[in-house]
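Below: one structure, written as structure tokens.
Every number here is computed from the coordinates shown, using simple stated rules; none is lab data. Here the structure is a predicted model, which is why all the values come from computation and not from measurement. Here Cβ is always computed from backbone atoms with ideal geometry, including for glycine, and neighbour counts include all displayed protein chains.
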Amino acid sequence: MTEPVLEGRVALITGAASGQGRAAARLFAEHGASIVVVDIDDAGAADTVELVEKTGGRAASMHADVSDRDAAGAMVAFATGTFGGLDVLYNNAAVQMSGTLAECTEDDWDRTIATNLDAVFWACRAAIPAMLDGDGGSIVNTASVLGLIGSEGYVAYGAAKAGLVALTRQIAVEYGPTIRANVIAPGSIDTPRFRKVADEMDDGGAFISGLTRVIPLRRLGTAEDVAGIALFLASDQSAYVSGAIIPADGGLAALR
Amino acid sequence: MDTRVCLVTGGASGLGAAVTAQLRTEGWDVVVADLDDAGPGSVRCDVRVDSDVAAAVAAATERGPLRGLVLSAAVETRSPIVECSDDDWRRVIDTNLKGPFLCMKHAVPAMVAAGGGSIVAMGSTLGAIVAPQYPAYCASKYALTNLCKQVAIEHARDAVRANVLSLGPTDTGLFVRLTDMAPDPEAVRAGVAANLPMARLGRASEVCAAVSFLLDDGSAWTSGAVLPLDGGLAARRM
């Protein structure tokens with residue numbers, strides 16, 4: 001039987017119209033949370049809400065582009081207005097702009113930093129007071145293995161994700177008594193976005209099989225793999241965990 | 001000795017100025033890029049502005065092959081996260097992170113053309129650890145470390161290296177600037193020093209020596225590294 005570890009909690013998930021965000025929305029709702037689905041994809045967000053409601057859960061969606069500075073306050077107000085509070089903030093939305101130093105334009109840089117770093121800062125800054133008003137809360141931020149190690153072809157993305165790691169630990173220390181903040185660092189997760197990147201390659205199939213061979217667990221991750229970690233971090237099961245970075249990468253970071 | 005040019009951002013004051021003076025004694029032709037005028041051999045440059053950075057790099061390459069880049073320009077802001085204003089966040093992230101991105105973007109092709117080069121970024125122990133009240137600064141410095149690692153890997157085969165100095169509290173520059181705001185700066189500095197394994201602050205001369213090491217070919221096998229200069233502080237951290 002599913003333990004309702006998030007019973008009575010309100011969880012706001014950005015980028016919840018698909019992939020990891022959607023998987024988390026479904027899993028959190030199954031465990032009793034009311035879900036605020038935030039995305040720029042209205043149709044996908046509506047589908048997520050429907051999926052949650054079909055299994056007896058509660059969810060509401062809101063259109064917001066997290067890279068828009070004003071979105072942060074609006075989504076937190078929507079959460080508290082709709083469900084009466086905010087207990088969990090899961091910053092999952094991101095853009096995966098790839099590019100080397102030579103390829104990455106100033107616009108690419110600005111857009112990546114805005115969505116993957118600034119947006120998380122804005123969201124946390126808006127959510128923390130709401131959490132402090134309640135019984136505290138849990139912030140879960142999606143970074144990336146690329147934010148922990150050096151790579152190539154991801155200058156802006158890697159830098160933004162590293163900044164996000166530092167910001168999260170900062171929150172963990174600064175708001176310690178009442179708010180926990182942790183990082184999930186996914187590796188290669190088999191989501192629609194990942195498939196799209198692979199499909200755009202000359203030989204995406206060989207890329208995926210080559211990648212799978214070096215991952216210690218010998219498979220790509222699933223959105224559900226990541227959602228399971230997010231649930232743990234969102235709930236009191238991780239009550240003594242804060243400022244942690246949990247790789248969701250099938251062991252790849254250990255290999256490197 | 002052949003001409004070798006080094007561009008130093010933030011070289012008009014603090015550690016950047018100390019590094020500039022030291023490198024000049026070692027035969028480097030140093031071009032300072034700073035918001036403030038640093039006299040001959042300097043270019044006014046806001047590292048957040050692409051055209052300023054392009055002009056600074058052009059001024060450096062005009063003098064000879066660009067072999068060195070020292071990323072020393074940085075700003076900070078002090079406030080809890082919920083009180084950190086949009087303007088403060090933007091200023092710190094753009095100066096400390098986007099600035100180095102733009103500088104490397106323009107300088108690396110010049111270094112490749114010169115047959116190789118070395119980049120030294122002034123990081124901070126605050127990039128590796130947490131300092132309440134400095135959310136933007138910590139995020140910017142940790143991100144800078146990642147950025148340098150990426151550049152190190154991407155350009156390893158071009159003989160362009162990128163390394164980070166992870167600076168602890170030092171007797172020159174940012175730490176002094178910050179502690180000067182306290183009612184009794186000397187007492188604060190003494191207190192911080194007492195808590196370091198070596199029980200003293202770092203010295204500008206020690207930072208200069210590390211920069212020289214990383215710029216010179218003696219460190220040719222070192223790239224993407226983070227070198228702590230912090231009196232042993234990093235040893236206490238995970």
Next item on the list: Only Lys, Arg, Asp and Glu count, each charged at its Cβ (+1, +1, -1, -1), so figure out the dipole size of the protein assembly as shown about its Cα centre, rounded to 20 debye.
Entry: 1240 debye
Item checked: Calculated SAXS-style log₁₀ I(q)/I(0) at q = 0.12 Å⁻¹ - the range A:131-249, Debye, Cα scatterers -> -0.50
Checklist line | Exercise: per-residue mean of other protein chain Cβ atoms within 10 Å, A:146-155 | finding: 5
Next item on the list: Evaluate E = 1/(1 + (r/R0)^6) for A:Leu211 and B:Ala187, where r is the Cβ-Cβ distance and R0 equals 60 Å; express this FRET efficiency to the nearest 0.05.
Entry: 0.60
Checklist line | Phi to ³J(HN,Hα) by Karplus 6.51 cos²θ - 1.76 cosθ + 1.60 over the range B:140-146, Hz, x for Gly, Pro | finding: 5, 6, 5, 5, 4, 4, 4
Notebook entry, point to check: Across peptide B:147-159, how many C-beta atoms of other chains are within 10 Å of each residue C-beta, on average?
Noted result: 5
Notebook entry, point to check: Contour minus end-to-end for A:Asp68 and A:Ala239, with contour as 0.36 nm per residue of separation and end-to-end as the Cα-Cα distance?
Noted result: 58.4 nm
Check: Could you give me the ³J(HN,Hα) list for the range B:156-163, computed from phi with Karplus coefficients 6.51, -1.76, 1.60 and θ = phi - 60°, whole Hz, x at Gly and Pro?
Finding: 4, 7, 9, 6, 9, 10, 9, 9
Note to self: Test of understanding: express the Cα radius of gyration of chain A as a ratio to 2.2 N^0.38 Å, with N the residue count.
What the structure shows: 0.96
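For a protection proxy built on the mean count of beta-carbon atoms within 10 angstrom, sort A:77-87, A:11-21 highest first, please.
So the peptides A:77-87, A:11-21, ranked by packing, come out A:11-21, A:77-87.
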Item checked: Inter-chain shielding of A:99-110 (mean C-beta neighbours from other protein chains, 10 Å cut-off) -> 4
Note to self: Quick check on packing: order B:160-169, A:242-251 by the mean number of other C-beta atoms within 10 Å, highest mean leading.
What the structure shows: B:160-169, A:242-251
Note to self: Quick check: net charge around B:Pro197, other residues with Cβ under 14 Å of its Cβ, Lys/Arg +1 and Asp/Glu -1?
What the structure shows: +2
